[in-house]
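Right, one structure below, let's go through it.
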Amino acid sequence: MIIRIQQEDFDLAALNRELLAGRSDVGAIASFIGLVRDLQGDSLQQMTLEHYPGMTEKALQGIAAKAQARWQLADLAIVHRVGALTPAEQIVVVSVLSAHRGDAFAACEFIMDYLKTDAPFWKKETSEQGSKWVEARKSDIFAKNKWDS
């Protein structure tokens, strides 16, 4: 399992090569890359992400463990960036390896739904109108809650 919090950008192909090193039991890789976007259309200039080192990694490991307990996974990676990011920059990648695509797809979606609501990141958006802290949207909470039913 790979869990990383970092300021620098990431390379999905390199990450998947790292996960696959020496494996022949993987039949599927499902990956998701999240980008910084200007959701409100108010000229987002920057998103700044903050976290508490140690606490954040532990939370991400807990989310990964929940996915591993729920599906048959060969391995997975979560890489999340922190610091100042601009629109269209990569912010997060989740990559899940499994023998079968169904488990890989479901686990990837599950991890992202939990990251959006349960991972301790604090996001501040800066636009021409000023700066504001961003909270989880109702749609993110609804998406996460569907896994509990």
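Some notes on this structure:
- Screening M55 against (1) under 21 Å from R37 (Cα atoms); (2) surrounded by fewer than 13 Cβ atoms within 10 Å (Cβ to Cβ) leaves a single unmet condition, (1).
- Residue in the stretch 25-35 that is exposed (fewer than 13 other Cβ atoms within 10 Å of the Cβ), part of a strand (DSSP E or B) and touching a strand residue (DSSP E or B) at 6+ places or on another chain (Cβ under 9 Å) present: yes
- The residue pairs whose first member lies in the stretch 84-96 and is farther than 21 Å from D113 by Cα, whose second member is surrounded by 14 or more Cβ atoms within 10 Å (Cβ to Cβ) and among the polar types (S, T, N, Q), and whose beta carbons are closer than 6 Å, counting only pairs six or more residues apart or on different chains, are A84/Q46; A84/T48; T86/Q46.
- Meets criteria (β-branched (V, I, T) and either assigned to a strand (DSSP E or B) or on the phi > 0 side of the Ramachandran plot (or both)) for T48: yes
Rundown of residues vs (1) in contact with a strand residue (DSSP E or B) (Cβ under 7 Å, 6 or more places away or on another chain); (2) on the phi > 0 side of the Ramachandran plot; (3) without any contact (Cβ under 8 Å) to a residue 24 or more places away in the chain; (4) not basic (K, R), yes/no style:
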{"position": "A59", "(1), (2), (3), (4)": "no, no, no, yes"}
{"position": "I78", "(1), (2), (3), (4)": "yes, no, no, yes"}
{"position": "A106", "(1), (2), (3), (4)": "no, no, no, yes"}
{"position": "K123", "(1), (2), (3), (4)": "yes, no, no, no"}
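- The stretch 25-72, residues that are hydroxyl-bearing (S, T, Y) and over 15 Å from the mean Cα position of the chain (by Cα): S43, T48, Y52
Coordinate-derived values only; no laboratory data. Please read all numbers here as calculations on a predicted model, not as lab measurements. Don't worry about glycine lacking a Cβ; one is built from the backbone with ideal geometry, like all the others, and counts go over all protein chains shown.
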